[in-house]
1. For segment C:89-121 and segment B:1-60, what is the separation of their C-alpha centers, rounded to whole Å?
2. Report relative contact order for segment C:3-193 in percent, whole number only (criteria: Cα-Cα under 8 Å, sequence separation at least 6).
3. Average partner chain C-beta neighbours within 10 Å, per residue of B:55-63?
4. Using just the C-alpha positions of the protein assembly as shown as equal point scatterers, what log10 of I(q)/I(0) does the Debye formula give at each q in 0.11 1/Å?
5. Modelling each spin label as a point 7 Å along the Cα-to-Cβ direction, I'd like the B:LYS27/C:PHE179 distance in nm, to one decimal.
6. Quick one: net charge around B:ASP94, please, counting Lys, Arg +1 and Asp, Glu -1 for every other residue with C-beta under 12 Å from its C-beta.
7. For the protein assembly as shown, give the magnitude of the charge dipole about the Cα centre (Cβ charges: +1 Lys/Arg, -1 Asp/Glu; no others), in debye to the nearest 20.
8. What FRET efficiency do you get for A:GLU81 and B:LEU74 if R0 is 45 Å and r is their Cβ-Cβ distance, rounded to the nearest 0.05?
Amino acid sequence: MTLIETFVYFGTIAFAISGALVAIDKKLDVFGVLLLALTTALAGGVIRDIMIGQIPPVNLVDPQYFLISLLSALITILFYEIIIKLNHSVIIFDAIGLGVFTAVGANAAIMLGYSQPFLIVAMGLVTGIGGGVLRDVFTQQIPLVFRKEIYGIASIAGSVSLYFVYEYAPNLSLYLCLFVTFSIRMLAVKMNWNVPIVRKAAVDSKRNLT
Amino acid sequence: MTLIETFVYFGTIAFAISGALVAIDKKLDVFGVLLLALTTALAGGVIRDIMIGQIPPVNLVDPQYFLISLLSALITILFYEIIIKLNHSVIIFDAIGLGVFTAVGANAAIMLGYSQPFLIVAMGLVTGIGGGVLRDVFTQQIPLVFRKEIYGIASIAGSVSLYFVYEYAPNLSLYLCLFVTFSIRMLAVKMNWNVPIVRKAAVDSKRNLT
Amino acid sequence: MTLIETFVYFGTIAFAISGALVAIDKKLDVFGVLLLALTTALAGGVIRDIMIGQIPPVNLVDPQYFLISLLSALITILFYEIIIKLNHSVIIFDAIGLGVFTAVGANAAIMLGYSQPFLIVAMGLVTGIGGGVLRDVFTQQIPLVFRKEIYGIASIAGSVSLYFVYEYAPNLSLYLCLFVTFSIRMLAVKMNWNVPIVRKAAVDSKRNLT
């Protein structure tokens, strides 16, 4: 098993658990919990593969990611009381998934022969946040990445670090990306870093487009 | 006209009506009703075609599905009072659409030469639920498939039955898939089958990711 | 710089500003504002490119559209007080973006060799409304195009006019499409044109699908 495969397993498990926890919290029934876990774990990679022309998407052909997600979701359902008591469990799992999927996404673009830095960073971001964005849209929340600025920035910083180190040490660059993304995200949570809202006074102004 | 084409007409009409009824109920105006009907009827097939590399998607090239959807939506607007009085009308039309599009989606993957069972079942599910998911997202509801577990399971059961029968009797397998999916879905509605919510006590726990 | 490139710059700026204004109004923080501006400006083109097989999507490869969007969003943040005081500023920017992106989208389909009128009009519409639909979905609003019928109709009318004039005067047809779309949309706003809701009495009827 290569390094990158191990990475993907980790990220898949982390995102599946994160999706299952949100679904349980939203009082979805068992199938809804499983489906939201699958969506959170698999959708980022599917969207990335569609964008870079890897058709059909790996996550829809190779059932192992599906099975790992399903198993993770079932374990989350069975051991929910334990998992939820671990403080900040959703946040930590989500941060691991963000780091792993950012690394995997940027790496996937490079492996397909693309070299444009903007595309590589974008594919890291899309893979990292795609599943979580759908998770939040389907459960009627403004996606986390729009509400927590240090979320998307963490992914972008990870991809940028991967991009610069990749040609000298490809394997190391994947670890570095995971480390950078995860650390920035967790530091932001721990430190309660907040970037200011643009204009608080803007609240009640015209927001209807007509 | 081949069997599969007849199927697609039926599913398109059923989903267009379902989308129009939801839009009318959400008090969208006439164009909004037409557009939501088109989205519900055509989006599942478009997403599936993107995923299996059928570019441009059939539903965007061949105007007949567009015209059928448009006509169905207009008829729904004109005869709304009658259609809505038919009990459970949305549910029945939606169940027909689910069964037909599941069969068509799984069949489309097979016709393009794919043989992985997971991909075939996934394409049945994506085609079957894709339009309805967008319909619900655009009208600000948690998509039905996350709330009603016997909805997605019905589609999966249909695709699995199609997969096993396909090589012996391709045509029959399409009918079988429609029958299995529609029956399971309607039985679930009639019997008021409910799968339990995972943890009711989980309601007020931490659901904000920070 | 060709005509079509100038067009795209204009539409990108207009949609980025529109996305930033909605985000500020929704009290998103700085990164959220930037990301929503980017999504609004770039997503329509990305979805169109995926649908017509232009992989990877131009907006993800060529960083200039990204940079223009980013700059526009930053300027919107800095000069928010001034921009918001310009009456109907969001509406006007949104209408410019709608017109430009409709023209660019229909043109992109033609340039790739497609000639089916339905596909060309659909690509104009998808490019024109795609970014705005995601902007609204991510900020938990029913997308504008479903609520304001003269919005989508304006785009369709623009693409149709482009389609008929294109073979005689390709350049002119782009201007015409922008003019037709923008004029219809702004007239609808100014005149407060309203298409009737289908059935007001339908409000409290059954809208749950089970």
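1. If we compute the Cα centre of each part, the gap is 22 Å.
2. Working: 306 pairs, mean separation 46.0, N = 191.
Computed value for segment C:3-193: 24 percent relative contact order.
3. The shielding value for this peptide is 6.
4. After summing over all Cα pairs, the log10 values are -1.10.
5. 3.9 nm
6. Net charge in that neighbourhood comes out at +2.
7. Numbers: 39 positive and 33 negative charges, 379 e Å.
It comes to approximately 1820 debye.
8. Plugging the Cβ-Cβ distance into 1/(1 + (r/R0)^6) gives 0.30.
Bear in mind these aren't lab numbers, they're just calculated from the coordinates by the rules spelled out. Since this is a predicted model, take the numbers as computed values, not measurements. Note that each Cβ is placed from the backbone with ideal geometry, even for glycine, and that neighbours are counted across all protein chains shown.
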